[in-house]
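The values are calculated or read from the model by the stated rules, or taken from the named source; none is laboratory data. Just so it is clear, the structure is predicted and the values come from calculations on it, not from any experiment. Every residue, glycine as well, gets a Cβ built from its backbone with ideal geometry; the counts of neighbours run over all protein chains shown. What goes into the accessible areas is simple: the full protein's heavy atoms, side chains included, and nothing from ligands, DNA or RNA. Shrake-Rupley method; radii C 1.70, N 1.55, O 1.52, S 1.80 Å.
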Amino acid sequence: MSFRLRLTLLTAAAVAVAAIGASVAIYLVVQDQLIKQVDDTLAKTAVIGGPGRGGPFGDRGPQLVTGRQDSNGTIIQADLGVALPSLVTQDVKDVASGKRDGFLATATSQDYRIRVLVRPISNGRALEVAKSLEDIDGALAQTRITLAEFAIAAIVLAALLGLLIARTALAPVKRLTTTVEEVTRTRDLSRRVAARGRDELSRLGTSFDAMLGQLETSLRSQRQLVSDASHELRTPLTALRTNLELLERGQPADPIERQQLLGDLVVQMERLTTLVGDLIEVARDEETPMPFEELRLDEVVAEVVDDMKMRYPKVRFAVAASPTTVNGVKVRVSRAITNLLDNAAKWSPPGALVEVSVANGEVSVRDHGPGVAAEDASRVFDRFWRSNDARHRPGSGLGLSIVKDVAEAHGGSVTLERPSDGGARFRLRLGGV
């Protein structure tokens, strides 16, 4: 059974319960009002027909069927000349003898229901006034038919409206289902539900579109990463293969050229090692995020600077740090700072100064190298991008893009500044201070 059919049936069932309940309530109210009117009529008639008031029933028709009885049940007077001894029950005799109070009751006589009022009068007698309920029963029967027709019509109408409402309400779900099936079949993540509105189903469609967008971006990034990595790996691997083939053939024969070839092999291996390490770091971004912890950013920078001093002994590092605490993943933050310092040292001439400052959750790295050309400033954080001047230097083109990824993962940012006196300044700002 489809959800739409279940919703339609539930709607019809709810309306059926409400309609039947309302019909029963209306019927009981109508019945009570009609019986009350008969009781009021009987009460007025009993007052008029009491002792000393004469017989007023000559013009009231055949509905008044009996009159006064004594305590033995003998009918003393039947006002219409029609005596119905069957209505003289033991309860009526008890009223005449004073054993109980008067009462109202419904009796049956000659297959008709009759409403009876019994009141005591003097000298061991009782006044019994009755009115046929034939008209009342007819009216109630017609009321039952009308209410049954109303309930049936309400249920049918509710079923039709439920079907219409279900179709309208579930239209976003149908679109969502169609989109999911289409994406599953074609693997086309560019499809969208295009939900409109602010209700829950529209929000579900909007959230699904956002999820598809994120998946599409992630898949595009992965494909781009694979493509770029393949291209970047091909270059050092080709150079390694060519140089190794030359060495295999015993070339070059000149010892100096052979030593230069071996040096090139070492450079290409370093580049390949750096590239593989950076690729692993980029791939790590796609994994489940590691838990954050409280970090002393100034201490992390001090550790990285000590390592950089060993790797670049010809470059001077000046650190100005104040105690600052951030929330983050230490290994990722350390890698980002390492990449910034490595980039600065790589572009610094021997004896140049790299200035590092730490304050308020921000790390600033300033070098005095050639700087970044204005036309290249917008691309320095792109994956695998390398300027023309950087082609002959070791590196993967992923260092600064990793810095950007780390910054964004920590709710921060990284920016490039081009000082007027040359060089470059990178500011890494981490959130969660």
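Considering only residues of the range 415-431 that are out of contact with any Asp or Glu (no Cβ under 8 Å at 6 or more places or on another chain) and in a loop (DSSP other than H, G, I, E, B), which is surrounded by the most Cβ atoms within 10 Å (Cβ to Cβ)?
Filtering the range 415-431 down to residues out of contact with any Asp or Glu (no Cβ under 8 Å at 6 or more places or on another chain) leaves 415-422, 431.
Narrowing the set further to residues that are in a loop (DSSP other than H, G, I, E, B) leaves 418-422, 431.
On the way: Arg418: 13, Pro419: 12, Ser420: 5, Asp421: 6, Gly422: 11, Gly431: 15.
Ranking the qualifying residues of the range 415-431, first place goes to Gly431.
Only one residue in Arg241, Arg234, Arg258, Arg335 is buried (at least 16 other Cβ atoms within 10 Å of the Cβ), in a helix (DSSP H, G or I) and not β-branched (Val, Ile, Thr). Which one? Write out each step before concluding.
Numbers: Arg241 fails: buried (at least 16 other Cβ atoms within 10 Å of the Cβ); Arg234 fails: buried (at least 16 other Cβ atoms within 10 Å of the Cβ); Arg258 fails: buried (at least 16 other Cβ atoms within 10 Å of the Cβ).
Within the list Arg241, Arg234, Arg258, Arg335, the selection yields Arg335.
So that you can scan it fast, the table gives a plain yes or no per residue for (1) within 26 Å of Trp385 (Cβ to Cβ); (2) at pLDDT 75 or above:
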residue: Thr242; (1), (2): yes, yes
residue: Glu245; (1), (2): no, yes
residue: Pro255; (1), (2): no, yes
residue: Leu275; (1), (2): yes, no
residue: Arg284; (1), (2): yes, no
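Given the condition within 30 Å of Ala25 (Cα to Cα), modelled with pLDDT of 80 or more and among the aliphatic types (A, V, I, L, M), answer yes or no: does some residue in the range 183-191 qualify? It would help to see each step written out before you state the result.
Kept after step one, since they are within 30 Å of Ala25 (Cα to Cα), are these residues of the range 183-191: none.
No; the residues of the range 183-191 include none that is within 30 Å of Ala25 (Cα to Cα), modelled with pLDDT of 80 or more and among the aliphatic types (A, V, I, L, M).
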* To do: Kindly list, by first and then second residue, each pair from a residue in the range 192-217 that is under 18 Å from Glu182 (Cβ atoms) and at pLDDT below 75 to a residue that is open to solvent by 70 Å² or more (accessible area, probe 1.4 Å) and not polar (S, T, N, Q), limited to pairs with Cβ atoms under 7 Å and residues at least 6 apart or on different chains.
  => Val193/Arg175
* Structure fact -> The one condition Arg187 fails out of (1) free of Cβ contacts under 8 Å to residues at least 40 places away in the same chain; (2) on the phi < 0 side of the Ramachandran plot is (2)
* Considering residues of the range 338-368 that are open to solvent by 40 Å² or more (accessible area, probe 1.4 Å) and polar (S, T, N, Q) only, the residue modelled with the highest pLDDT -> Ser357
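Looking at the range 64-73, is at least one residue of a type in the set (Lys, Arg), over 60 Å from the mean Cα position of the chain (by Cα) and at pLDDT 60 or above?
At the first step, the residues of the range 64-73 found to be of a type in the set (Lys, Arg) are 68.
Within this subset, residues satisfying the condition of being over 60 Å from the mean Cα position of the chain (by Cα) are 68.
Pick out the ones that are also at pLDDT 60 or above and you get none.
No, that holds for no residue.
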* **For Lys314: the one exception among (1) closer than 23 Å to Ala424 by Cα; (2) part of a helix (DSSP H, G or I)** => (2)
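In contact (Cβ under 8 Å) with a residue 24 or more places away in the chain and closer than 25 Å to Ala359 by Cα: does that describe Met269?
no
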* **Residue list for the range 394-413, filter: touching a Leu at 6+ places or on another chain (Cβ under 9 Å) and in contact (Cβ under 8 Å) with a residue 60 or more places away in the chain** => Gly395, Ser396, Gly397, Leu398, Gly399, Leu400, Val403, Val406, Ala407, His410
* Hits in the range 132-186 - residues which are of a type in the set (Ser, Thr, Tyr), closer than 30 Å to Gln37 by Cα and open to solvent by 50 Å² or more (accessible area, probe 1.4 Å) -> Thr146
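Suppose we filter the range 187-204 for residues that are open to solvent by less than 50 Å² (accessible area, probe 1.4 Å) and under 30 Å from Asp405 (Cβ atoms); how many remain?
First pass over the range 187-204, keeping only residues open to solvent by less than 50 Å² (accessible area, probe 1.4 Å): 189, 193, 195, 202.
Cutting the leftovers down to under 30 Å from Asp405 (Cβ atoms) gives us 189, 193.
The qualifying residues number 2.
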* **Count of the range 126-152 residues which are among the hydrophobic types (A, V, I, L, M, F, W, C), over 56 Å from the mean Cα position of the chain (by Cα) and in a helix (DSSP H, G or I)** => 1
